[in-house]
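Contents: one structure, followed by commentary.
Bear in mind that the values in this text are calculations on the coordinates, not laboratory data. For clarity, every value in this text was computed on a predicted model and none was experimentally measured.
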Amino acid sequence: MELPRRALILERLLAAALLALALGAAWAESGSTLAARVREGRPWLAWVEARERGRAAVPALELAVYDPVQRRLRLIQVPGELKLEPKGRRTLERAYLEALKQTEDPDAAARAAEDLAEARLRELSPEPIPAVSARLVIDLAPLEPDDEPSLEAARELKARGRRLRAWLSLARRAARGLSSRDRTGLDALLFELELRRVPLERLEPARLPPEDLAPDFLGRVLAAETPPENARQATAEVLNGTGLPGLASRAAKVLRSKGVDVLTPASAPPRARTLVYDRIGDFARADKARAALGCPDARTVTRVDPSRAVDVSVELGLDCASNFGTGESREP
C-alpha cells in the first residue's frame, strides 16, 4: 500500500534532518583536538579549575591527562607553592593573586596561572608535554581537612555526567564555540562523553611532588608506554585515624594475608575517610593494596614521599571502621 503523500514528505524531511545532523556532527568533530587524539591513541590534556562553593579561596588547579587507549584519567593537582622559576621565590598561588588583583576577574587570573604552570611543567618534564587543549571549571563542596582536592575533582568530573543541567551547560558552551569557530567547548562536551566509559578504578588522582621528584613523576605519567608490572612485594604502613583501638592491627593482618608487607601499625590524627596513598608514583601498585584492604569506600591517591620508606600508606578513617570491627585491644 502506497504511503500517503504527506507521510512520504515527512519521512523524507526527517531523513534529511538526520543526515544533516550527522554531517554537522562529523564536521564539528573533525576540528576537535580530543577526537583527533582518540583516533590516534595519544594523550589529551586539559586544565581543570576546581572551585569550592561558598568560599573565596584560591582554586585548585588540576592538569587532566586522558589516555584514550587505556581509558584512564590522571588528574594532577599542581600545588600553589610550586615555584615558577628554578630558584625563584614567586609561586603559582602568588601569580594567581597578582593576576586577580590586576584584572578582578577570577577566570582571567586562573588562565594566567595555568599558562605559567604549564610553562613550568614543560621545564620540569623529561617527556614532551602535548598542548593543553581545553579548560574545565567545576564546583566542589567545601573541602574538609582530610580531603584530597584531586580526588574530589575526579569524583565531581565523573558525577556531573549524570546531571542533565551539566549536559545542557556543556552543550550550550559547545554551540556558542562552534558559532565562533572555537572548538574548545566541543572538546569539553566530548570529554564528558569519554568519561562515561572510564571506570572508577581508572581515575587516578595525584598531587605533583616537590621539584626534585617532579621530573621522574611526570616522566612516568607522560611516557608513551605502560611500564612493566613490578613483581616485588609491596611494602605498606597502616595508620589508624579512627580513634578505635586495634583497627590498624586488624587491617595489617588482612593486607599481609593478601601478600602486602606491612610495617608495625601506628596511630594517626582522626580522619573520616580512608585514603591509600601511593608513595612511589606507581598508582596501580597502591590501588592493588586498596583492593586487598577490602573496604569499598577507600580511595587511592598519589602523593610521592620517599621519606616514608614504603610503597603505600594506608590511613584508616571511620568510613572503613566497620570492615575490621571495633576491637578492645590497646594496639593502634
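Some points to look at:
- Restricting attention to the chain, close to 40% of DSSP beta bridges with both partner residues there are antiparallel.
- Convex hull volume per residue for the chain, taking Cα atoms only, in Å³: 197 Å³
- Applying the Karplus relation 6.51 cos²θ - 1.76 cosθ + 1.60 with θ = phi - 60° to region 115-128 yields 3J(HN,Hα) values of 4, 5, 5, 4, 4, 5, 5, 5, 5, 7, 7, x, 9, x Hz, where x marks Gly and Pro.
- Relative to the longest principal axis of the Cα atoms of the chain, the long axis of helix 247-257 makes an angle of roughly 80 degrees.
- You can think of it this way: the chain between residue 137 and residue 70 has 21.7 nm of extra reach, that is 0.36 nm per residue less the Cα-Cα gap.
- Region 29-171 shape via C-alpha gyration tensor axes, a/c threshold 1.5: oblate
- Across 205, 142, 59, mean-square fluctuation computed from a Gaussian network of the chain (C-alpha pairs under 10 Å connected) peaks at 142.
- Mean-square fluctuations from a GNM of the chain, with a 10 angstrom spring cutoff on Cα atoms, peak among 317, 177, 185 at 177.
- Between residue 173 and residue 39, the contour length at 0.36 nm per residue exceeds the alpha carbon distance by 45.9 nm.
- Build a GNM of the chain with springs between Cα atoms under 10 Å apart, and of 249, 125, 322 the one that fluctuates most is 322.
- Of all lysines in the structure, those lying under 25 Å Cα to Cα from residue 258, and not within fewer than 8 positions of it along the same chain, are 288.
- Built amide H within the under 5 Å cut-off of residue 72, gap 5+: 67
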